[in-house]
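Data block below; observations after.
Read the figures in this text as sums done on the coordinates, not as results from a lab. In this text, all values refer to a predicted model and were calculated from it rather than measured experimentally. When we count neighbours, we look across all protein chains shown, and the Cβ atoms used for this are built from the backbone with ideal geometry, even at glycine.
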Amino acid sequence: MTLYFYTFLPNDKIVMKSQIPGAIIVSIVWYICSTLFGLYINYFDAYKNVYGELASEKMLQAYSAVISTALSGYDYLGQLGTDDFIVITNSMMAEKLAAYLTHAFDLLAQKFYTEQDLKQGYIMMSDDDIEETPVPIVTTSIALVSNEYKKYTNLKELMTDLLILHKSGI
């Protein structure tokens, strides 16, 4: 199985035969009553440009550790992209988990900034083409899709709804 180097989480590139039983179990659990989370780190690219590769890797590791420890043994955590995570969890715990992860990330993110940047509430990002631009401190956004009110017939439909929620900022 291929893992993201920074967080050691499964990614979306390769599915191994050993993952198939887990995928079947996740599908059955999803059918019963589950919620799919898309977790995104906003302004992460700007943070990475200002603070560097090492600091951004440490932030990803720390956030994935926070997410992992908040999940039960029946939940699933994976990484879709550099700053995108996916969680499958029980619908009854979804809202509390989302609130906890948002709060925990806000506390965690503060540890990765200088005192001055935290006081300002933003970092200054400069490009070769434009002058310095203020960029907000990183935050997390969480999109939740549940089968409680809408029954999904395929994965594409589910992921489309998740992306729509993420892009709309809901």
Handout entry: Estimated FRET transfer efficiency (residue 149, residue 114; beta-carbon r; R0 41 Å; 0.05)
Key = 0.40
Handout entry: Potential lengthening between residue 95 and residue 42 on full extension [0.36 nm per residue; Cα-Cα distance subtracted]
Key = 17.1 nm
Problem - residue 160-residue 74 pseudo-label distance in nm [points 7 Å out on the Cα-to-Cβ vector] - result: 3.0
